[in-house]
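Asks: Next up is a structure, given as structure tokens.
The values are calculated or read from the model by the stated rules, or taken from the named source; none is laboratory data. All figures in this text were calculated on a predicted structure; none of them were measured in a lab. Virtual Cβ from ideal backbone geometry, glycine too; neighbours counted across all protein chains shown.
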Amino acid sequence: MVMILGKPLPLLFGQLLLGLINGSFYAMLSMGLAIIFGLLRIINFAHGAMFMVGAFVTWALFTYLHIDYWGALICAPVIVGLFGVALERTVIRRIYKLDILYGLLLTFGLAQILQGLATNYFGVSGVSYEAPHGLGGVVNLGFMYLPIYRGFVVFAALVICGATWALIECTRLGALLRAATENPALVQAFGVNVPRLLALTFGGGVALAALAGVLAAPLYSVNPGMGSDLIDTVFAVVVIGGMGSIGGAILTGFALGIIEGFTDVFYPPGSAVVVFVVMAIVLLARPAGLFGKTA
Amino acid sequence: MTLSRRSVLGTALGAGALSVLPRAGARAAGKTLTIGVCSDFSGVYSDIGGKTSVACVHQAIEDWGAAAKGYDIKVIQGDHQNKPDVGAGLARQWFDNGVDMLIDVPNSAVGLAIASVAAQKNKTYINSNSATSLLTGPKCNASTIHWTYDTYMLSHSTGGAMVAQGGKSWFFITANYAFGQLLRDQTSAVVKAAGGTVVGDVAYPFPQTTDFSSFLLQAQSSGAQVLGLANAGKDTVNSIKQAHQFGITQSGMKIAGLLIYINDVHGMGLDIAQGLVLTESFYWNLNDRTRAFTKRVLPKTPSNYPSMAQAGCYSGTLHFLKAVDAIGVDTASNGAAVVTQMKKMPTDDDAFGKCWIREDGRFMCPSFLFRVKKPGESSTPWDYYDLLHMTPADQTFAPMAGEGCPLVKS
């Protein structure tokens, strides 16, 4: 068997693939964060909670309304997105003019409330959700067994990330969004309803988190802590990619997933900190992040 | 009257705003006791401790007939958040403010921290929910009793059974803290003593790991026959679910979940959990007495059946009350005296039957090796286990001489 640094090659291939799968979630979540921060200047600490809510909504849709996975893929992001719009209209809107720290505190509080409610209702062990029929099997790739569903997650994440990036960078709506953050007064003067645009942005960003939640539901146990477990890493991804850089968030998400995967093989106890080590190094060399613009 | 007022005042001053009970004065008037349930109420272990543990303590007070015997018993609860410093701080505060006995405490790191506080303050401490056998080994003390189970029991019962079935080569996935490391080391020793080998081990960061796929893949590529999971709670549930997704069991590798509670099986569902072999010292559907106990306590915890650790809170509290009654309620605050009395009396309750407490503080009860039923075999809610084997109490736990407990005279 071919060995690299004392590890069998098939194992390393397997890790590469697993890294991509974990990276998919980092990419999807950090992209939503980057959009919200880039356009609204809100550090959305409730992003992990929205991811968790997305997973629970998926479970609830199936359990109470018999809406299957494919239906949930559409419904859950819409429901959570609308919830996000309502939040923006009622509370988040009030702090746009305040220091950025207030947004952080507000969303952190919201996250604690959502997580607390879910814990109170479902218990910490949470509930289980099965992978949809047709994606439940396993394929033997020679070097590893790949659960088909995990392959689907990577594919879906790439499509979602690509589509969102294109929407923001290449369409008129995206151009308006970007303009509204640069100079809201001027955009408003052109007859654009800026407050509505901002509400939609927040709703959209949150819907992306919920979509990631739907994808995660069959993979991990659906539990109240699933969002807070991920959110630290996701913030690190956003910082490494450059606050507010959407393309940066996507690339960094996948790259860090892979780095974490290899750390799991060579030094497992370090897998929880490797992302932060990378973050420290990047911040020392490029304080604005890999893809961020220096102010 | 003057005396009582003064002591109330003194307690209130000493306690500051955190006073729990006016003690000596009130105790003279009636027979008053305070029990503190220190547990995980919001984290990874809250389903195996938490609210159901509190319910079991209340059940013990009720079953003992405290009110009819003239006792006024208060139960308070606190969340240690799985942090040893928080747990030890809480214990110190409680003991200083009139708590007579502290019980439950999942998480071995917190469990050990509180044992030193209990020793220092000379207060009764019944640990029902930590796994570490150090509590009755080098870290034992005169006011601490370790109820329910420990790492020695788990490693010897489940580990021994797997080796006996032909699982000679092992790969461990270990939660990287006091409990996981000890469970892995003790199980490795069992495997090696039976002529097996340990081909690999990954220690993952606890408690932030949710994705176990990398470790599972390493286990698979090691070619070991048995995958030993030296973890607990949500981590065990996640590792077993993911092991199924990656075809670990389909490829012939057996999973040894070294600590699995019935609540974990419930969380996984029988589809995934079926066939797992595990060890518990209490199962609600074991015999008429356990069923009777469960029937009484369920209205207090309707969505969560008691695990062995929670049943241990029932059993421990009941025995504590009997002991306090025997030596007199005025001595209840003297931990060593209460524990000495508890060791003198054999225990007898619906959850564990007739057992006893050894000199080193080890609660001696039999352990049961179970296999999880197939979905079709389960007829009532939470009917999950088939009994494979019973190990008598004196073989369940480590021989006292070899444990290094300073209380034991050689």
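Asks: What do you reckon, is residue B:209 within 13 Å of another protein chain (Cβ to nearest Cβ), among the β-branched types (Val, Ile, Thr) and closer than 21 Å to residue A:233 by Cβ?
Replies: The answer is yes for residue B:209.
Asks: I've got another one for you. Given the options A:156, A:179, name the one that is more than 11 Å from every other protein chain (Cβ to nearest Cβ) and modelled with pLDDT under 90.
Replies: A:179
Asks: For the range A:215-233, how many residues are at the interface with chain B (Cβ under 10 Å from one of its Cβ atoms) and within 19 Å of residue B:273 (Cα to Cα)?
Replies: 5
Asks: Restricting to the range A:48-95, give me the number of residues that are outside any helix (DSSP H, G or I) and closer than 30 Å to residue A:236 by Cβ.
Replies: Qualifying residue count, the range A:48-95: 1.
Asks: For a quick check of your reading: which strands (runs of 3 or more DSSP E) sit entirely within the range B:325-410 and have at least 2 residues that are closer than 30 Å to residue B:269 by Cβ?
Replies: The qualifying strands (runs of 3 or more DSSP E) are B:367-372, B:385-391.
Asks: Could you grab me the full set of residues in the range B:106-152 that are modelled with pLDDT of 95 or more, surrounded by fewer than 23 Cβ atoms within 10 Å (Cβ to Cβ) and among the charged types (D, E, K, R)?
Replies: Scanning the range B:106-152 gives a single hit, B:121.
Asks: Going by the structure shown, is residue A:235 of a type in the set (Phe, Trp, Tyr) and surrounded by fewer than 17 Cβ atoms within 10 Å (Cβ to Cβ)?
Replies: no
Asks: Next up: When the residues of the range A:121-133 are narrowed to those that are farther than 13 Å from residue A:56 by Cβ and more than 9 Å from every other protein chain (Cβ to nearest Cβ), which ends up surrounded by the most Cβ atoms within 10 Å (Cβ to Cβ)?
Replies: The extreme case among them is A:132.
Asks: Something else: Which residue, of B:354, B:373, is of a type in the set (Lys, Arg), touching a helix residue (DSSP H, G or I) at 6+ places or on another chain (Cβ under 9 Å) and either over 24 Å from residue B:122 (Cβ atoms) or modelled with pLDDT of 95 or more (or both)?
Replies: Step by step, each of B:354, B:373 is checked, and only B:373 is of a type in the set (Lys, Arg), touching a helix residue (DSSP H, G or I) at 6+ places or on another chain (Cβ under 9 Å) and either over 24 Å from residue B:122 (Cβ atoms) or modelled with pLDDT of 95 or more (or both).
Asks: Of the numbered conditions (1) within 27 Å of residue A:233 (Cα to Cα); (2) surrounded by 24 or more Cβ atoms within 10 Å (Cβ to Cβ); (3) away from every other protein chain (no Cβ under 14 Å), residue B:267 fails exactly one; give the number of that condition.
Replies: (3)
Listed here are the residues, each with its yes/no results for (1) in contact (Cβ under 8 Å) with a residue 40 or more places away in the chain; (2) among the hydrophobic types (A, V, I, L, M, F, W, C); (3) surrounded by fewer than 23 Cβ atoms within 10 Å (Cβ to Cβ).
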residue	(1), (2), (3)
A:190	no, yes, yes
A:217	yes, yes, no
A:222	yes, yes, no
A:261	yes, no, no
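Asks: Quick one: count up the residues across the range B:85-105 that are within 16 Å of residue B:35 (Cα to Cα), charged (D, E, K, R) and surrounded by fewer than 24 Cβ atoms within 10 Å (Cβ to Cβ).
Replies: Total satisfying the criteria: 2.
Asks: Being over 22 Å from the mean Cα position of the chain (by Cα) and among the hydrophobic types (A, V, I, L, M, F, W, C) is the filter; apply it to the range A:150-188 and report the residue that is surrounded by the most Cβ atoms within 10 Å (Cβ to Cβ).
Replies: Only one residue fits best here, namely A:180.
Asks: Considering the range B:213-234 alone, what residues qualify as being buried (at least 24 other Cβ atoms within 10 Å of the Cβ), in contact (Cβ under 8 Å) with a residue 24 or more places away in the chain and facing chain A (nearest Cβ under 10 Å)?
Replies: Result: B:213, B:215, B:216, B:217, B:233, B:234.
Asks: In the range A:43-78, what residues are surrounded by fewer than 18 Cβ atoms within 10 Å (Cβ to Cβ), within 19 Å of the chain's Cα centre (by Cα) and among the β-branched types (Val, Ile, Thr)?
Replies: A:74, A:78
Asks: Go through A:269, A:287 for me and flag whichever is within 23 Å of residue A:37 (Cβ to Cβ) and at pLDDT below 90.
Replies: Of the residues listed, the single one that is within 23 Å of residue A:37 (Cβ to Cβ) and at pLDDT below 90 is A:287.
Asks: Same structure, new question: Residues in the range B:177-192: is at least one modelled with pLDDT under 90, within 14 Å of chain A (Cβ to nearest Cβ) and surrounded by fewer than 24 Cβ atoms within 10 Å (Cβ to Cβ)?
Replies: Yes, because at least one residue in the range B:177-192 is modelled with pLDDT under 90, within 14 Å of chain A (Cβ to nearest Cβ) and surrounded by fewer than 24 Cβ atoms within 10 Å (Cβ to Cβ).
Asks: Any residue in the range A:16-27 that is away from every other protein chain (no Cβ under 14 Å) and either farther than 23 Å from residue A:115 by Cβ or within 19 Å of the chain's Cα centre (by Cα) (or both)?
Replies: Checked the range A:16-27: at least one residue is away from every other protein chain (no Cβ under 14 Å) and either farther than 23 Å from residue A:115 by Cβ or within 19 Å of the chain's Cα centre (by Cα) (or both).
Asks: Further, regarding this structure: Using the structure shown, decide if residue B:139 is free of Cβ contacts under 8 Å to residues at least 40 places away in the same chain, closer than 30 Å to residue B:345 by Cβ and away from chain A (no Cβ under 14 Å).
Replies: yes
Asks: State the number of residues belonging to the range B:277-308 that are buried (at least 24 other Cβ atoms within 10 Å of the Cβ), closer than 20 Å to residue B:233 by Cβ and aliphatic (A, V, I, L, M).
Replies: 2
Asks: Among the candidates B:327, B:357, which residue alone is more than 21 Å from residue B:59 (Cα to Cα), aliphatic (A, V, I, L, M) and within 21 Å of the chain's Cα centre (by Cα)?
Replies: When all the criteria are applied, what remains is B:357.
Residue-by-condition table, conditions (1) closer than 30 Å to residue A:9 by Cα; (2) of a type in the set (Lys, Arg):
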{"site": "A:97", "(1), (2)": "no, yes"}
{"site": "A:103", "(1), (2)": "no, no"}
{"site": "A:122", "(1), (2)": "no, no"}
{"site": "A:130", "(1), (2)": "no, no"}
{"site": "A:140", "(1), (2)": "yes, no"}
{"site": "A:151", "(1), (2)": "yes, no"}
{"site": "A:159", "(1), (2)": "yes, no"}
{"site": "A:172", "(1), (2)": "no, yes"}
{"site": "A:189", "(1), (2)": "no, no"}
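Asks: Please verify whether residue A:136 is surrounded by fewer than 18 Cβ atoms within 10 Å (Cβ to Cβ), among the small types (Gly, Ala, Ser), part of a helix (DSSP H, G or I) and in contact (Cβ under 8 Å) with a residue 12 or more places away in the chain, treating the condition exactly as stated.
Replies: So residue A:136 does not fit the description; no.
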